[in-house]
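K.L.:
One structure, pasted below without further comment.
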Amino acid sequence: QVQLVESGGGLVQAGGSLRLSCAASGRTFSSYVMGWFRQAPGKEREFVAAIGWRGSTTYYADSVKGRFTISRDNAKNTVFLQMNSLKPEDTAVYYCAAGPTMSTMPSRFGSWGQGTQVTVSS
């Protein structure tokens with residue numbers, strides 16, 4: 001079990017950058033795969049990025065490859081999402097999540113944060 005709290009969202013112009021953080025509490029943070037998902041109004045929750053136990057393995061949705069970077073600092077129990085070259089299509093509530101294995105499916109992640117709003121203006 002882990003508890004997750006996201007922060008760092010906000011309003012940014014297209015082409016700008018934001019860095020999201022997810023602070024975790026609980027045991028064995030380093031044993032979890034960590035993921036970022038997002039959900040826009042009227043749309044399904046979609047996969048953004050995931051990172052393995054040690055941080056050496058990463059996976060990205062095609063829509064964010066080359067623009068977003070996921071990282072983790074197990075010593076600080078924190079996962080990050082650096083978002084560059086933001087587009088209006090990136091506007092959504094962003095959630096961090098923890099799960100046992102690498103996956104793009106929300107159902108495979110058992111612990112979720114409350115979400116943080118990211119709004120990208122044209």
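K.L.:
Please determine, by comparing only the residues of the range 102-112 that are in contact (Cβ under 8 Å) with a residue 24 or more places away in the chain and assigned to a loop (DSSP other than H, G, I, E, B), which one is most open to solvent (accessible area, probe 1.4 Å). Walk me through how you get there before you give the answer.
P.N.:
Let us first name the residues in the range 102-112 that are in contact (Cβ under 8 Å) with a residue 24 or more places away in the chain, namely 102-106, 109, 111-112.
Imposing the further condition that a residue be assigned to a loop (DSSP other than H, G, I, E, B) reduces the set to 102-105, 109.
Numbers: MET102: 80, SER103: 14, THR104: 65, MET105: 103, PHE109: 8 Å².
Among residues in the range 102-112 that are in contact (Cβ under 8 Å) with a residue 24 or more places away in the chain and assigned to a loop (DSSP other than H, G, I, E, B), the one most open to solvent (accessible area, probe 1.4 Å) is MET105.
K.L.:
Would you mind finding the one in GLY26, GLY9 that is out of contact with any Leu (no Cβ under 7 Å at 6 or more places or on another chain) and of a type in the set (Gly, Ala, Ser)? Can you show your working first?
P.N.:
Values: GLY9 fails: out of contact with any Leu (no Cβ under 7 Å at 6 or more places or on another chain).
Only one candidate qualifies: GLY26.
K.L.:
Would you call PHE68 of a type outside the set (A, V, I, L, M), more than 15 Å from SER7 (Cβ to Cβ), buried (at least 16 other Cβ atoms within 10 Å of the Cβ) and modelled with pLDDT of 95 or more? Steps first, please.
P.N.:
Values: of a type outside the set (A, V, I, L, M): yes; more than 15 Å from SER7 (Cβ to Cβ): yes; buried (at least 16 other Cβ atoms within 10 Å of the Cβ): yes; modelled with pLDDT of 95 or more: yes.
Yes; evaluated as a whole, the condition is true for this residue.
K.L.:
For the range 22-43, give me the residue count where each residue is open to solvent by 30 Å² or more (accessible area, probe 1.4 Å) and either part of a strand (DSSP E or B) or β-branched (Val, Ile, Thr) (or both). Working first, answer last.
P.N.:
We begin by selecting, within the range 22-43, every residue open to solvent by 30 Å² or more (accessible area, probe 1.4 Å); these are 23, 25-28, 30-32, 39, 41-43.
Checking the rest, the ones that are also either part of a strand (DSSP E or B) or β-branched (Val, Ile, Thr) (or both) come to 23, 25, 28, 39.
So the answer is 4.
K.L.:
Right, something else. Just the residues that are modelled with pLDDT under 95 and either in a loop (DSSP other than H, G, I, E, B) or open to solvent by 40 Å² or more (accessible area, probe 1.4 Å) (or both), please, taken from the range 71-101.
P.N.:
ASP73, ASN74, ALA75, LYS76, ASN77, PRO100, THR101
Per-residue answers, yes or no, for (1) touching a residue at least 40 places away in the same chain (Cβ under 8 Å); (2) β-branched (Val, Ile, Thr):
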position	(1), (2)
ALA49	no, no
THR58	no, yes
GLY66	no, no
ARG72	no, no
MET83	yes, no
LYS87	yes, no
CYS96	yes, no
PRO100	yes, no
GLN114	yes, no
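K.L.:
Test each condition in (1) open to solvent by 60 Å² or more (accessible area, probe 1.4 Å); (2) part of a loop (DSSP other than H, G, I, E, B) for LEU11 and report the one that comes out false.
P.N.:
Answer for LEU11: the failing condition is (2).
K.L.:
Of the residues that sit in the range 44-57 and are open to solvent by 60 Å² or more (accessible area, probe 1.4 Å) and in contact with a strand residue (DSSP E or B) (Cβ under 8 Å, 6 or more places away or on another chain), which one is nearest to GLY99 (Cα to Cα)? Give the steps one after another, and end with the answer.
P.N.:
First, the residues of the range 44-57 that are open to solvent by 60 Å² or more (accessible area, probe 1.4 Å): 44-46, 53-54, 56-57.
Those still in the list that are in contact with a strand residue (DSSP E or B) (Cβ under 8 Å, 6 or more places away or on another chain) too: 45-46, 53, 57.
Numbers: ARG45: 16, GLU46: 15, TRP53: 10, THR57: 14 Å.
Restricting to residues being open to solvent by 60 Å² or more (accessible area, probe 1.4 Å) and in contact with a strand residue (DSSP E or B) (Cβ under 8 Å, 6 or more places away or on another chain), the top hit is TRP53.
K.L.:
Among (1) in contact with a Phe, Trp or Tyr (Cβ under 7 Å, 6 or more places away or on another chain); (2) assigned to a loop (DSSP other than H, G, I, E, B), where does ASP62 come up short?
P.N.:
For ASP62, the failing item is (1).
K.L.:
Any idea how many residues of the range 113-122 are within 14 Å of GLN39 (Cβ to Cβ) and either out of contact with any Asp or Glu (no Cβ under 8 Å at 6 or more places or on another chain) or surrounded by fewer than 16 Cβ atoms within 10 Å (Cβ to Cβ) (or both)? Steps first, answer last, please.
P.N.:
First, pick out the residues of the range 113-122 that are within 14 Å of GLN39 (Cβ to Cβ): 113-119.
When the remaining residues are screened for being either out of contact with any Asp or Glu (no Cβ under 8 Å at 6 or more places or on another chain) or surrounded by fewer than 16 Cβ atoms within 10 Å (Cβ to Cβ) (or both), the result is 114, 117, 119.
Going through the range 113-122 one residue at a time, the tally reaches 3.
K.L.:
Now, a different point. Can you pull out the residues in the range 4-31 that are under 17 Å from SER71 (Cβ atoms), among the hydroxyl-bearing types (Ser, Thr, Tyr) and touching a strand residue (DSSP E or B) at 6+ places or on another chain (Cβ under 8 Å)?
P.N.:
SER7, SER17, SER21
The values are calculated or read from the model by the stated rules, or taken from the named source; none is laboratory data. These numbers were taken from a predicted model, which means no experiment stands behind them. As a convention, Cβ positions derive from the backbone with ideal geometry for all residues, glycine included, and neighbour counts pool all protein chains shown. Side chains are part of the model used for accessible areas, which takes the heavy atoms of the whole protein and leaves out ligands, DNA and RNA. Shrake-Rupley method; radii C 1.70, N 1.55, O 1.52, S 1.80 Å.
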